[in-house]
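Below: one structure, written as structure tokens.
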């Protein structure tokens, strides 16, 4: 077991695969994974699955985590984006050089928090319209790592996204490969 700890922020309408894949992969790698609900402990995903979180966002501090992960999904990403508490949490994490990761539609949260300026970002097809925003460098890549910001296209890239987060947390290629069941994963 390593000593890394990540927080996955969930709001109603989150994309289940984009939240649970990093939760599962990182847990298998020995990372302490905490699911945090935006306003309630029972969160309903965009496809109707509900999960319970251990904590509420208001009861935790970004200083307790090495990374914060934002799943996409609609209206989940919009609900995260519209929360001042999420913005504050992300900005504190980013300022402390913690990993800020977002997938699918959630990179808009990073943009609206003001931390994506001059960073290479990717997201779900359709989010390329964000490249019209000043200083937002949308690439369309499957996964992007730019400093302490990690972004990915969407559900189909959830494993690559998870492994990129693991690598950024300092886990070894051998540990990641073992969890990936020996298959070559490019990220």
Within region 27-47, residues touching a residue at least 60 places away in the same chain (Cβ under 8 Å), crowded, with 20+ Cβ neighbours inside 10 Å and in contact with a helix residue (DSSP H, G or I) (Cβ under 6 Å, 6 or more places away or on another chain) come out as 29
When every residue in region 143-167 that is out of contact with any helix residue (DSSP H, G or I) (no Cβ under 8 Å at 6 or more places or on another chain) and in a loop (DSSP other than H, G, I, E, B) is compared, the one farthest from residue 71 (Cα to Cα) is 147
Scanning region 168-187 residue by residue, the ones that are modelled with pLDDT of 95 or more and either assigned to a helix (DSSP H, G or I) or surrounded by 22 or more Cβ atoms within 10 Å (Cβ to Cβ) (or both) total 1
In region 73-106, anything under 11 Å from residue 11 (Cβ atoms), in contact (Cβ under 8 Å) with a residue 24 or more places away in the chain and not in a helix (DSSP H, G or I) is listed as 73, 74, 75, 83, 106
Over region 48-72, the set of residues assigned to a strand (DSSP E or B) and in contact with a helix residue (DSSP H, G or I) (Cβ under 7 Å, 6 or more places away or on another chain) is 67, 68, 69, 70
Scanning region 73-107 residue by residue, the ones that are crowded, with 23+ Cβ neighbours inside 10 Å and out of contact with any strand residue (DSSP E or B) (no Cβ under 8 Å at 6 or more places or on another chain) total 2
Reported set for region 125-142 where residues are in contact with a helix residue (DSSP H, G or I) (Cβ under 8 Å, 6 or more places away or on another chain), in a loop (DSSP other than H, G, I, E, B) and either under 15 Å from residue 111 (Cα atoms) or modelled with pLDDT under 95 (or both) is 133, 140
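The values are calculated or read from the model by the stated rules, or taken from the named source; none is laboratory data. Bear in mind the structure is a predicted one, so any value in this text is a computation, not a measurement. Glycine gets a Cβ as well: all are built from the backbone with ideal geometry, and neighbour counts include every protein chain shown.
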